[in-house]
Amino acid sequence: MPLARREVQPRRPSGAPSPHKPPLRGTLPPNTLTGLDQLRLLNLRNNSLTGPLPDLSPLYHLRALFLDHNSFSGRFPISVLSFPRLRFLDLSHNAFSGPIPDALADLPDIRYVRLDSNRFTGSVPALNQTSLVVFNVSRNELSGAVPVTRALLRFDGSAFGFNPGLCGRIVGKECGDELGSPFFRPWVAGAPAPATSNGLDQQLQRNAPPPPPIRRRRESRTGLISVFSVLSLVLIGCVVSLLLLGVNRRKQERLKRVPMLHKRAVSVSHFGSKIRVEEEKSNNNNNNNVDEDGNNRKMNNSNDKANEAVKSGNLVFCAGDDQIYTLEQLMRGSAELIGRGTIGSTYKAVLESNVCVTVKRFDGNKTHVTSREMFERHIVSVSRLRHPNLVPLRAYLQARDREERLLIYDYQANGSVFSLVHGSRSTRAKPMHWTSCLKIAEDVAHGLAYIHQTVRLVHGNLKASNVLLGSDFEALLTDYCLTVFARPPLPEHNMDSYAGYKAPEIQKSGNQVTSKSDVYAFGVLLLELLTCKTPSQQPFLMHMDLLNWVRHVRGEEAVDEKWLGLLLDIVVACSQASPEQRPTMWQVLKMIQEIKESAMSEVDSSSVFS
């Protein structure tokens, strides 16, 4: 249905319709806004517009979008997520439905978000931007635990009201058994609650059972007689057991067995790598038999032992790493939701010992149903990866009763490349110096080449937010080799802000990721480093046009044009539509190193690569 009026003009911010201009009615045609690529503010509030929104991606300079008090319907406009400078978003009082995308938490400068009075379902995104001052998702159909982030803690329960399915600390409603804590459920603990109720364990404690009823006097006498009888039998059994134990010890001494070793943990060999398994507390947890040769028992049943340890709900420490905390200590730590990804949610956990780790919790709605053995086999392979440009996987957990899975990594306090490139940069700021881009690209290429050649795996989810910055601001890959567990994305998610990292063969046919699709994502990331433009903002240009566009975006003098041209050669090579025409990551790494060596031969390395 076309618009009732010929003109499509934004309404005034004041709100009430002008008596001289009746409100707009009807739907917005698909091409209504395509020519407004320099638009900063779009205000269509207080009209009678209906139907789904057209594609808004051409408006990538938009900073404020006011569409409230209309009758728009359909899904959340995914194209909004491609506006890196968006500060004001008001979709309230419409008929939008479906989930609110998690990528809303990735808009770096967002200040004002109103999504109230719609029909949104699913969970609340974990917004944690320091710039956020207005937030309202009330009067929807949202459910689940409200994320506890520093940004969302600023708002009271009214910002989340009239969503009966929401629970958690912010709304003052316990989540019960559905989500006892940010990354644990009550059945995962496998241990009694600590005496103090601080941190995560407050949410894990279950209601104590009611006290037994008071029995009558006759019943109590009968009970006492029964108790004494049972105690007598137990005492006799203990005496017999002690006698048998003494005989067994004397027999062992005669056989000259080696004395028992005292250990707090058992090292077992599983799938060809050493892992350290936390031993459950018991009366005999300090004893471990050895054979007549003085070695540990033969590991004929090592796989079974490891499986039993994992099924018991214990932490498994990978690749010989020392166990520096237990599951109980991890539960007592504070947790902060820092993001949601393709397979689940990610938390920053601070233990009482001030150890800080990153915990990735698998989401059953986003992951395939895989057997425990398959999960463990793959995770053990991933845990073997150790490289200066990879965030190491330190430990993992599988719950003994349900499919609860956690991965534990080192926490990186310096943030991600996405935050470095987009997060705190003003609109007039220039992109990073090309040598900084080259350094990050070299680190990323090192990590990818190592993954591809060492274990024949693929990253599968390379993007700026999955490249973290280490203590020396070296680039570290995270979330690598986990897409094997991810469900195929929904059609609307193929339009999100991360779709541009996906190679054409992945977007069109849904093929599995390969090393060549990693190469494609690397080319997109390199162009993002050079231009500060997200994948959705990167145009499809020929090589010479691409160089002119990058030169215009960067605004640099011709002195750097030679090196920019060489880096763009890599971008073009990695972005070939055909996977066969793309280089390998090892070849890409060599190309980057050749550029670095050439630059160092012309310019003092201390001034360029400091």
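The values are calculated or read from the model by the stated rules, or taken from the named source; none is laboratory data. Since the model is a prediction, treat every value here as computed from it, not as a measurement. A quick note on method: Cβ atoms are made from the backbone with ideal geometry, for glycine too, and the neighbour counts reach across all protein chains shown.
Numbers for the structure displayed
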quantity: Scope segment 133-153; condition touching a strand residue (DSSP E or B) at 6+ places or on another chain (Cβ under 8 Å) and under 20 Å from residue 347 (Cα atoms); matching residues; calculated: 143, 144, 145, 146, 147, 148, 149, 150, 151, 152
quantity: Filter result for the condition that a residue is at pLDDT 85 or above and within 28 Å of residue 486 (Cα to Cα), over 311, 348; calculated: 348
quantity: Residue ID - modelled with the highest pLDDT, chosen from residues in segment 381-406 that are in a helix (DSSP H, G or I) and under 18 Å from residue 358 (Cα atoms); calculated: 382
quantity: Filtered residues of segment 498-537 (kept if closer than 17 Å to residue 452 by Cβ, buried (at least 18 other Cβ atoms within 10 Å of the Cβ) and polar (S, T, N, Q)); calculated: 515, 517
quantity: Members of segment 63-106 found to be among the aliphatic types (A, V, I, L, M) and in contact with a strand residue (DSSP E or B) (Cβ under 8 Å, 6 or more places away or on another chain), listed by number; calculated: 64, 65, 67, 80, 86, 89, 91, 95, 100, 104, 105
quantity: Residue match in segment 134-153 (condition: surrounded by fewer than 15 Cβ atoms within 10 Å (Cβ to Cβ), at pLDDT below 50 and out of contact with any Gly (no Cβ under 9 Å at 6 or more places or on another chain)); calculated: no
